[in-house]
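The values are calculated or read from the model by the stated rules, or taken from the named source; none is laboratory data. Because the structure is a prediction, the values reported are computed rather than measured. Neighbour counts run over all protein chains shown; Cβ positions are idealised from the backbone, glycine included. Accessible surface areas use protein heavy atoms only, side chains included; no ligands, DNA or RNA. Shrake-Rupley method; radii C 1.70, N 1.55, O 1.52, S 1.80 Å.
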Amino acid sequence: MNVMDTRATSAMLYLDGVHVSFDGFHAINNLSLTLEPGEMRAIIGPNGAGKTTMMDIITGKTKPDEGTVLFDGVTDLTRLDETRIAELGIGRKFQKPTVFESQTVQDNLLLALNVDHSVRGTLFWRGSRDEAERIDRVLETIRLTEARNRLAGSLSHGQKQWLEIGMLLAQDPKLLLVDEPVAGMTDVETHLTAELLKEINKTHTVVVVEHDMTFVRELGVKVTCLHEGTVLAEGTIDQVSSNERVIEVYLGR
Amino acid sequence: MTPHMLTRSLDRSATIFLAVVAACGILIPLSNLLLPAGSFLQVPTYLVALWGKYVCYAILALSIDLIWGYCGILSLGHGAFFALGGYAMGMYLMRQIGTRGVYGNPVLPDFMVFLNYSKLPWTWYGFDMFWFAALMVLVVPGLLAFCFGWLAFRSRVTGVYLSIITQAMTYALLLAFFRNDFGFGGNNGLTDFKDILGFNVQAEGTRAALFALSCLALIAGFLICRAIVSSKLGKVLIAVRDAESRTRFLGYRVESYKLFVFTVSACMAGVAGALYVPQVGIINPSEFAPGNSIEAVIWVAVGGRGTLVGAALGAVVVNYAKTFFTSGVLAPYWLFMLGALFILVTLLLPKGIVGTFNAWWDSSKEKRAATMASAAAEDGVAEPKMAE
Ligand SMILES: Nc1ncnc2c1ncn2[C@@H]1O[C@H](COP(=O)(O)OP(=O)(O)OP(=O)(O)O)[C@@H](O)[C@H]1O
Ligand SMILES: [Mg+2]
């Protein structure tokens, strides 16, 4: 790293030589990945490849044993906790949709809005027109306007997935990590989600993890295939899906 | 639809609750003081004191519901904050005794003279002034909760581990306060109080006033809790309760939120203890007993966790039952009955009395709304379609 240059890299996200092991099991092995600002990247790979663990590392849930994780070229994410990383502008949708089930759809979005998150700020919070409009817009985008007053727990699986994407929109982070967004969705819903993510990608950097190859193909972005915690192949969907190793470990079953 | 009804029904139960407490706070003291003793409607003084005790327990239950019902922090040591508030008040009452004690020492309470203290320990400084004692009622429990919470929440101690260390905390305080050399009266505690702000603590008027004040404190505590849980902060607390780590990933500093409610809750428990002591006339280390804290959690579970009104109701109902059963032949079995009650409520009424009632009320309302809607549909009125 050049001492004179404060920005070590132009990348939005830069992982290099990352290792994580759980009780001797190497979940992530020498993982390196670079994401340019404004890029959307699809990550594929067999179960247990370490895709979710990679997101855990980026969002501060898991601390790597070794390696560099830089955000926006300057910030070392390995030193920060989840809250701080979220404040910096990294948002995440979980593999298992995690919304606040006992609260309404619109309260879920309200909680996600990137406004003052301090104790004092929320205690004395008064809704503003601007916030209400932002929530309305997100509701429209995720097609849940009619369900705004329903409890999130009563939504269908697909709707929960969308609500969580909506929470990401409300959070408006610089980098979105989206783990298996179309699991449990119908073909139509899957298609709409692909459209939505492409729309989001116009203004945000996005990482999408997904097993659904039709969906990945529809995204039409650079693909990285992980296997046993390391990058197996990287390139266009056609390059990756014709790679022999990828066929062997992932596609060709 | 549903949540709107929920808030409305909560508002309804909140209004009823406030009206009932206010009515009790006014009518009971008036009846006690103005009606001739022995008349049918006159509330005898011993009942005023007993019910005053229940009201204090209701405040303690509210404070537990605030953290457990809304933020998922199950404290099994809240009796410690209650007892500390009680001790702060007790120390003021001790210093009011002055030369009227058995040994007639103007500064040292009797137990200190008995234990050959030559001067007042520094921990007792200032407690001859009411404002200072009143401040300590809030500061001591609040500060302990803040320090305890700071350590526990920052190291992310949660769930059953947190419950266990809260038990350990109150147990440690129990042992400390039992010691004579700790300087707070040892196992006898503090008692033989004479007066409070110049009024005789035994006098009917004082008791009636203390009862009214307790009701006022319950109302204030309830309003504070309501304000907290219905603010956006309340939504964050529920988010922490339901999905703590998710809340972190949205950029909330979960430990600060927990610390805030835990401290507020401890201060409330302290106030409850401070009002309790002059009404029962004694405070001793047994108030720190771990069992007391567990009992208080049972009140909340019985009344309905996360409803506030239920917590207060549970405290009154269970304590009324306790008074009833422990004064008869069933006395030796009270603890078994309490345990059985807890198990029954957990199995049959997991939402507690008020939670179950609210759920029933909402569903019956929804049914009525549904019948009305279908009737309207038959009349040819188009229904807005729900998003699927
Ligand atoms: N906290 C943990 N403790 C122990 N092992 C873990 C932990 N987190 C992940 N693992 C293990 O690490 C490996 C990688 O898991 P990960 O969830 O990242 O896989 P994935 O690529 O997301 O798989 P999937 O497609 O099934 O979601 C798995 O074998 C998993 O069991
Ligand atoms: Mg995964």
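Which value, in Å², gives the accessible area per residue of the range B:295-376 when a 1.4 Å probe is used on the protein heavy atoms?
So the range B:295-376 comes to 54 Å² accessible per residue, rounded to a whole number.
Have a look at the range A:117-133 and report residues whose accessible surface goes down by 30 Å² or more when the remaining protein chains are included, against the chain on its own, probe 1.4 Å, ligands and DNA/RNA excluded.
Listed in order, they are A:HIS117, A:VAL119, A:THR122, A:LEU123, A:TRP125.
Going by the alpha-carbon gyration tensor, a ≥ b ≥ c the square roots of its eigenvalues, is the range B:302-350 rounded (a/c under 1.5) or, if a/c is not under 1.5, prolate (a/b greater than b/c) versus oblate?
Verdict is oblate for the range B:302-350.
Can you give the helix-only mean residue ellipticity at 222 nm for the protein assembly as shown, where every DSSP H stretch with n ≥ 4 adds -39500 (n - 2.57) and the sum goes over all residues, rounded to the nearest 500 deg cm²/dmol?
Roughly -18500 deg cm²/dmol at 222 nm, from the helical runs in the protein assembly as shown.
Just want the answer: with Cβ charges of +1 for Lys and Arg and -1 for Asp and Glu, which residue in B:PHE211, B:LEU348, B:GLY251 is farthest toward the dipole's positive end in the protein assembly as shown?
Ranked along the dipole, the leading option is B:PHE211.
Name the residues whose placed amide hydrogens come within less than 5 Å of the amide hydrogen of A:LYS93, ignoring near sequence neighbours (fewer than 5 apart) on the same chain.
A:LEU177, A:VAL178, A:ASP179
For B:LYS322, go through the aspartates and glutamates and keep the ones whose alpha-carbon is under 19 Å away, minus same-chain ones fewer than eight residues off.
B:GLU287, B:GLU295
Amide H neighbours of A:GLU39 under 5 Å, at least 5 residues apart or on other chains, H built in the peptide plane: list them.
Residues meeting the amide H criterion: A:VAL206.
Charges at C-beta only: +1 for Lys and Arg, -1 for Asp and Glu. How large is the resulting dipole of the protein assembly as shown about its Cα centre, in Debye rounded to 20?
Result for the protein assembly as shown is approximately 2000 debye, rounded to the nearest 20.
May I ask you to give the percent of accessible area on the protein assembly as shown that is carbon plus sulfur, with a probe radius of 1.4 Å?
Numbers: 18170 of 29120 Å².
Taking all protein chains in place, the protein assembly as shown shows 62 percent carbon and sulfur surface.
Give me the three principal axis extents of chain A from the C-alpha atoms, as integers in angstrom, largest value leading.
Taking max minus min along each principal axis of the Cα atoms, chain A gives 52, 47, 36 Å.
Would you grab the residues whose amide H sits under 5 Å from the one on A:VAL231? Only those 5+ places off in sequence or on another chain, please, with H modelled 1.01 Å from N.
Excluding prolines and chain starts, which carry no amide H, the hits are A:SER32.
Taking θ as phi - 60°, what are the ³J(HN,Hα) couplings along the range B:170-177 by the Karplus curve (6.51, -1.76, 1.60), each to the nearest whole Hz, with x for Gly and Pro?
Calculated HN-Hα couplings, in order: 5, 5, 4, 5, 4, 5, 5, 5 Hz.
Is there a quick way to get the dipole size of the range B:3-366? I mean about its Cα centre, with the Cβ of Lys and Arg at +1 and of Asp and Glu at -1; what is the value in debye to the nearest 20?
Its charge dipole is roughly 800 debye.
Please give the net charge around B:VAL277, taking every other residue with its beta carbon less than 14 angstrom from that of B:VAL277, where Lys and Arg add +1 and Asp and Glu add -1.
So the environment of B:VAL277 carries a net charge of +1.
Cα atoms only, the protein assembly as shown: Rg and Dmax in Å?
Just the Cα atoms of the protein assembly as shown yield Rg and Dmax of 30.2, 99 Å.
Within 10 Å, Cβ to Cβ, of B:THR307, how many net charges do the neighbouring residues add up to if Lys/Arg are +1 and Asp/Glu are -1?
For residues surrounding B:THR307, the net value is +1.
When the Karplus curve 6.51 cos²θ - 1.76 cosθ + 1.60 is applied with θ = phi - 60°, which whole-Hz ³J(HN,Hα) does each residue of the range B:227-240 get, with x for Gly and Pro?
Those phi angles translate into 4, 5, 6, 9, 7, 5, 4, x, 5, 5, 4, 5, 4, 5 Hz.
To the nearest 100 Å², how much accessible surface do chains A and B cover up together, summed over both, with a 1.4 Å probe?
Buried area (both sides, nearest 100 Å²): 3100 Å².
Could you check which residue among B:TRP360, B:TRP122, B:TRP334 shows the biggest mean-square fluctuation in a GNM of chain B with a 10 Å Cα cutoff?
Looking only at B:TRP360, B:TRP122, B:TRP334, the biggest GNM fluctuation is shown by B:TRP122.
What list of ³J(HN,Hα) couplings, whole Hz, do you get for the range B:293-303 from phi and the Karplus terms 6.51, -1.76, 1.60, once you set θ to phi - 60° and write x for glycine and proline?
The phi angles translate into 5, 5, 4, 4, 5, 5, 3, 5, 5, 5, x Hz.
Please compute the per residue accessible area over the range B:100-240 with all protein chains in place, 1.4 Å probe, rounded to a whole number of Å².
On the way: 7210 Å² over 141 residues.
Accessible area per residue, the range B:100-240: 51 Å².
Past 31 Å, Cα to Cα: identify those pairs from B:LYS53/B:LYS367; B:LYS258/B:LYS367; A:LYS202/B:LYS258; B:LYS53/B:LYS232; B:LYS53/B:LYS119; A:LYS61/B:LYS235, in the order given.
Distance filter (> 31 Å) returns B:LYS53/B:LYS367; B:LYS258/B:LYS367; A:LYS202/B:LYS258; B:LYS53/B:LYS232; B:LYS53/B:LYS119.
Determine the shape class of the range B:3-366: with a ≥ b ≥ c the square roots of the Cα gyration tensor eigenvalues, call it rounded for a/c under 1.5, and otherwise prolate if a/b is greater than b/c, oblate otherwise.
Because a/c hits 1.5 or more and a/b fails to exceed b/c, the range B:3-366 counts as oblate.
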